[in-house]
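One structure is given here, and the rest of the page talks about it.
The values are calculated or read from the model by the stated rules, or taken from the named source; none is laboratory data. Only a predicted model underlies this, so the values are computations on that prediction, with no experimental measurement involved. For neighbour counting, all protein chains shown are included, and Cβ atoms are generated from backbone atoms with ideal geometry for every residue, glycine included. Note: areas computed on protein heavy atoms with side chains; ligands, DNA, RNA excluded. Shrake-Rupley method; radii C 1.70, N 1.55, O 1.52, S 1.80 Å.
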Amino acid sequence: MADIIHFRGPVLAAADQVRHGLWSVDGRLTFSKPATHPGRVLDGWVLPGFVDAHCHIGLGAAGPVDPPVAREQALADLTAGTLLVRDAGSPADTRWMQGGTEFPVLVRAGRHIARTRRYLRGFAEEVEPEGLVEAVRKQARDGDGWVKLVGDWIDRSAGDLAPSFPAAVVRDAVQAAHDEGARVTAHCFAEDTLDQMLDAGIDCIEHATGLLPRHLPRFAEQGVPIVPTLINIATFPDIAAQADAKFPRYAAHMRALWERRLERVAEAHAAGVRIFAGTDAGSVIRHGRIADEILALHGAGLPMAAALDAACWAARAWLGADGLGEGARADVVVCREDPRAVPGTIKALEHVVLGGRIIR
């Protein structure tokens, strides 16, 4: 006997498209009414499961976590409606979590790749410039089509943010990843790092706090999206306060980046730069906060439909995942009200359905 769920409310098949009459039959969606009565009927506004495009399952404040902790992280994301995670670097091998039956669908990037002693201890594969290309090839083969570079970090000898690797080496590394069939994203806080990454043919930028007006046409023309991680950028004042005594220039820089964080996101959206939602959960940010990030994007000036798109339809298309189409995998969240009109409804989801299985 088929396992059937009837989603009886309005269906947001796209940010601007409402349909009616959706069912899950044995874990697949259909807009055709089945002959058999459903086992469950779920009411509310239907959206595709949220995407967290910058998440670190398997990572804790001190590095890799044990499987039971990774499990708790993934389940926190799942119950919050995150049904697809793009891992943005983890020192833990999380392949055992894949399959999309018990946990969110997980697209792995392997470990971060950072410059030696220029990143958080225990997080990354640390290399010198001459080892970057080979490290990228290794992580490209180990992941699911993504490689994560640490594009900049504090250079203690300079007392400020600085690129991690020479520009020519970054270009070679990005090309190596492309040769392996992988895309490359990079952690970038500072302004000048963005020029380096765009010159190298990068595929995505994380944080992008250094966006300047001169960058925006290039991001739009090259089709390079950003994942602003606004709920993580909110920690910059605390980082600056801790650095003030020893690295005052760096502290001032971090505060300046924080002060313009919302304007930068709004300017990027206005310029046609693609924006995706990511929480940066896994080190200092707790898991299960995708709604907070969507609302932060809205608070930065994105219309609510665009903020939702950053975690729903467009994000899924970018990662090659199903939305709410005929025959799509039944990864669905249900809100009490239309989230475009009542944004806060995404913080109290009525239902979460993973692969046709009702989670809540």
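Please enumerate the residues belonging to segment 6-21 that are surrounded by fewer than 23 Cβ atoms within 10 Å (Cβ to Cβ) and either β-branched (Val, Ile, Thr) or part of a strand (DSSP E or B) (or both).
Of everything in segment 6-21, those that are surrounded by fewer than 23 Cβ atoms within 10 Å (Cβ to Cβ) and either β-branched (Val, Ile, Thr) or part of a strand (DSSP E or B) (or both) turn out to be His6, Arg8, Gly9, Pro10, Val11, Ala13, Ala14, Gln17, Val18, Arg19, His20, Gly21.
Counting only strands (runs of 3 or more DSSP E) that sit wholly inside segment 22-106, not one has at least 2 residues that are polar (S, T, N, Q) and without any contact (Cβ under 8 Å) to a residue 12 or more places away in the chain. Only one entry of Arg171, Arg156 meets the criterion of being closer than 30 Å to Arg255 by Cβ, of a type in the set (D, E, K, R) and open to solvent by 40 Å² or more (accessible area, probe 1.4 Å), and that entry is Arg156. Going by the conditions given, is Gly81 of a type outside the set (D, E, K, R) and out of contact with any helix residue (DSSP H, G or I) (no Cβ under 7 Å at 6 or more places or on another chain)? Taking the combined requirement at face value, the residue does not satisfy it. The condition (being open to solvent by less than 10 Å² (accessible area, probe 1.4 Å) and modelled with pLDDT under 95) is satisfied by just one residue among Gly81, Gly58, Gly100: Gly100.
The rows are residues; the columns are (1) part of a helix (DSSP H, G or I); (2) surrounded by fewer than 23 Cβ atoms within 10 Å (Cβ to Cβ); (3) touching a Ser or Thr at 6+ places or on another chain (Cβ under 8 Å).
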| site | (1), (2), (3) |
| --- | --- |
| Ala307 | yes, no, no |
| Ala311 | no, no, no |
| Ala314 | yes, yes, no |
| Ala317 | yes, yes, no |
| Asp322 | no, yes, no |
| Gly325 | no, yes, no |
| Val333 | no, no, no |
| Thr345 | yes, yes, no |
| Val352 | no, yes, yes |
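Filtered by the rule that a residue be of a type in the set (Lys, Arg) and touching a strand residue (DSSP E or B) at 6+ places or on another chain (Cβ under 8 Å), segment 264-307 gives Arg274, Arg289. Quick one: would you say Thr94 is modelled with pLDDT of 95 or more, open to solvent by 10 Å² or more (accessible area, probe 1.4 Å), touching a strand residue (DSSP E or B) at 6+ places or on another chain (Cβ under 7 Å) and of a type in the set (Val, Ile, Thr)? Judged against the criteria, Thr94 is not a match. Filtered by the rule that a residue be touching a His at 6+ places or on another chain (Cβ under 7 Å), buried (at least 24 other Cβ atoms within 10 Å of the Cβ) and assigned to a loop (DSSP other than H, G, I, E, B), segment 258-302 gives Gly278, Thr279, Asp280, Gly282. Looking across segment 106-137 at every residue that is among the β-branched types (Val, Ile, Thr) and more than 17 Å from Ala92 (Cβ to Cβ), the one that is nearest to the chain's Cα centre (by Cα) is identified as Val136.
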